[in-house]
Ligand code: XMP
């Protein structure tokens, strides 16, 4: 893509100019944006960049390994992998309020990130994969006065605390353009084409209390759902698809026994920027197949429902 090839060149020059011989630290979330930002910055300044991946244990099936493999093996970009599952899960224990969950995760993330930055002797710059919609979301969401719908998880506040300047090479881009740039930079297609995943991870897909057991149940259901979506060739037609584990138990029957287990919600939407979204209209036979597989294969779930709410009035995530 000619335009992206130009963009890449221009941005690399800009990053070099901005950073000089300073040190840059970049937090990887496992998503496309931070990965593209990191690879671009690495191309510009090489070893002056350190990437940190704070693994909060709220990732999807095999996701953490994929990120680590991509950076260490495919790109040979040094990566600090912080395994913080216990810390996050113990902090979330007993918490059921969506905003409190988000705030705890955001703060814990910043604390861990800051500790890692100190270990490498500090950094002059913080790199982020901020996109254009992130820049304007709070203003444009309602068209009226800015209202906080959800406190977004990012490393806001950290630059001031640590006296760092921001490097945000993707600020002018929309998601589809970031994907084009990612391809231009040679990121594997399975990674570039991935659906967005929120910073607070599975915690906001488990309304109510988050536990390791509930995360494991959700990971299995989510993996089955996505496997079926890929098998049906629908993955790229959908902006985001995921399973949600509800804090509700219902009665069911399996074999000749009564079950009393959790409900799983399925969500799939189309969108161009995440600010508005439409429900993806699966065939009934597809949903039946997924529901049957989840109830048969995932212990702890005995009922599956499909979310038919567009955004607005719903949000994409459930918390
Ligand atoms: P909502 O649920 O607000 O989500 O309709 C819109 C898009 O943003 C993602 N999302 C987040 N992304 N940190 C992120 O990086 C967050 O805290 C966060 N909350 C929601 C969501 O997955 C959807 O793509």
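The values are calculated or read from the model by the stated rules, or taken from the named source; none is laboratory data. Keep in mind that this is a model prediction, so the values were computed, not measured. Backbone-built Cβ (ideal geometry, glycine too); neighbour counts: all protein chains shown.
Per-structure values
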read-out	value
Matching residues, segment 214-247, being within 20 Å of residue 263 (Cα to Cα) and more than 19 Å from the chain's Cα centre (by Cα)	228, 246, 247
One residue from 248, 305 being in contact (Cβ under 8 Å) with a residue 24 or more places away in the chain and either touching a helix residue (DSSP H, G or I) at 6+ places or on another chain (Cβ under 7 Å) or part of a strand (DSSP E or B) (or both)	305
Single residue of 44, 64, 13 found to be out of contact with any helix residue (DSSP H, G or I) (no Cβ under 9 Å at 6 or more places or on another chain) and without any contact (Cβ under 8 Å) to a residue 40 or more places away in the chain	64
Members of segment 23-38 found to be out of contact with any helix residue (DSSP H, G or I) (no Cβ under 7 Å at 6 or more places or on another chain) and either surrounded by fewer than 24 Cβ atoms within 10 Å (Cβ to Cβ) or modelled with pLDDT under 95 (or both), listed by number	29, 31, 34
Single match in 314, 300, 274, 233 (criterion: out of contact with any strand residue (DSSP E or B) (no Cβ under 7 Å at 6 or more places or on another chain), at positive phi, surrounded by 14 or more Cβ atoms within 10 Å (Cβ to Cβ) and not assigned by TED's automatic domain parsing to the domain that holds residue 102)	274
Condition met for residue 191 (within 23 Å of residue 28 (Cα to Cα), within 16 Å of the ligand (Cβ to nearest atom) and either in a helix (DSSP H, G or I) or modelled with pLDDT of 95 or more (or both))	no
Some residue of segment 165-181 being more than 18 Å from residue 133 (Cα to Cα), in a helix (DSSP H, G or I), within 16 Å of the ligand (Cβ to nearest atom) and touching a residue at least 40 places away in the same chain (Cβ under 8 Å)	no
Condition check for residue 99: touching a strand residue (DSSP E or B) at 6+ places or on another chain (Cβ under 7 Å) and in a helix (DSSP H, G or I)	no
Members of segment 94-126 found to be in contact (Cβ under 8 Å) with a residue 60 or more places away in the chain and farther than 26 Å from residue 149 by Cβ, listed by number	116, 117, 120, 121, 122, 123, 124, 125
Failed item in (1) under 29 Å from residue 313 (Cβ atoms); (2) surrounded by fewer than 17 Cβ atoms within 10 Å (Cβ to Cβ), with residue 254 passing the rest	(1)
